[in-house]
Amino acid sequence: MRGYVYLALSILFEMIGSTFLKLSNGFTNMIPSILLIFFYLLSFSIFVQALKTIALSVGYSIWSGVGTAGTALVGIFVFKEVLSSINILGLLLIIVGVVVMQWNKKEESDERTYATE
């Protein structure tokens, strides 16, 4: 469970870093540029902790998928970006992919539990 708390924090800090990436305007604004580096370093440092208890394939899939979808929502609500219907479909597919990865992980965990009994 602790690994997933670290994963959630890592995703949050990655999304904040990505927001500052936009605000840095190609690294021409100093404060947002420094903050994006800080939040990316923080995100990766916490992600390393998450991977101590979560498989890389599952952790990275969730991290990148939820981070991508969350950052797209930041773009919509903070920067007033407009997504096409194809972009929305892509985001929905990412979310479905994350759910499937978790579903598969639960089934594997259940199989290991039954095998040890």
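Counting only trypsin sites (Lys or Arg not before Pro) that sit in a DSSP loop (anything but H, G, I, E, B) with at most 14 other Cβ atoms within 10 Å, what is the longest stretch of the chain containing none of them? All intermediate terms of the calculation are to be shown ahead of the outcome.
On the way: sites that count: K52, K80.
In the chain, the maximal stretch lacking such sites is 1-51.
What longest region of the chain stays clear of chymotrypsin sites (Phe, Trp or Tyr not before Pro) that DSSP places outside H, G, I, E and B and that have at most 12 other Cβ atoms within 10 Å?
On the way: sites that count: F27, F79.
Longest run free of exposed loop sites: 28-78.
What's the extension gain from L83 to K52 if we count 0.36 nm per residue and subtract their Cα-Cα distance?
Working: separation 31, 0.36 × 31 = 11.16 nm, distance 3.58 nm.
Gain in length upon complete extension: 7.6 nm.
With θ set to phi - 60° and the Karplus curve 6.51 cos²θ - 1.76 cosθ + 1.60, what are the ³J(HN,Hα) couplings of the range 50-67 in order, to the nearest whole Hz, using x for Gly and Pro?
Ordered by residue, 3J(HN,Hα) equals 4, 6, 5, 10, 10, 4, 4, 4, 6, x, 5, 4, 5, 4, 6, x, 5, x Hz.
Which is farthest toward the positive dipole end of the range 2-116 among A69, I46, L35, measuring Cα position about the Cα centre, with Cβ charges +1 (Lys, Arg) and -1 (Asp, Glu)?
Going by the Cα projections, it comes out as L35.
Please find the FRET efficiency linking R2 to K22, where r is the Cβ-Cβ separation and R0 is fixed at 22 Å, and quote it to the nearest 0.05.
Working: r = 31 Å, r/R0 = 1.42.
My answer for the efficiency is 0.10.
Using only helices, what value at 222 nm comes out for the chain when you add -39,500 (n - 2.57) per DSSP H run of length 4 or more and divide by the total residues, to the nearest 500 deg cm²/dmol?
Details: 4 runs with 97 residues, N = 117.
It comes out at -29500 deg cm²/dmol, rounded to the nearest 500.
Hey, what do the phi angles of the range 23-35 turn into as Karplus ³J(HN,Hα) couplings, whole Hz, using 6.51/-1.76/1.60 and θ = phi - 60°, x for Gly and Pro?
Residue by residue, the range 23-35 yields 5, 6, 6, x, 6, 8, 9, 4, 4, x, 5, 5, 5 Hz.
Any idea what the alpha-carbon Rg over 2.2 N^0.38 Å comes to for the chain? Before the final figure, lay out each step's value.
Details: Rg = 16.6 Å, N = 117, 2.2 N^0.38 = 13.4 Å.
Here the Cα radius of gyration is 1.24 times the empirical estimate.
The numbers here are math on the coordinates, done by the rules we state, and not lab data. These figures come from a predicted structure and were not determined experimentally. Using ideal geometry, Cβ is built from the backbone for each residue, glycine included, and neighbour counts are taken over all protein chains shown.
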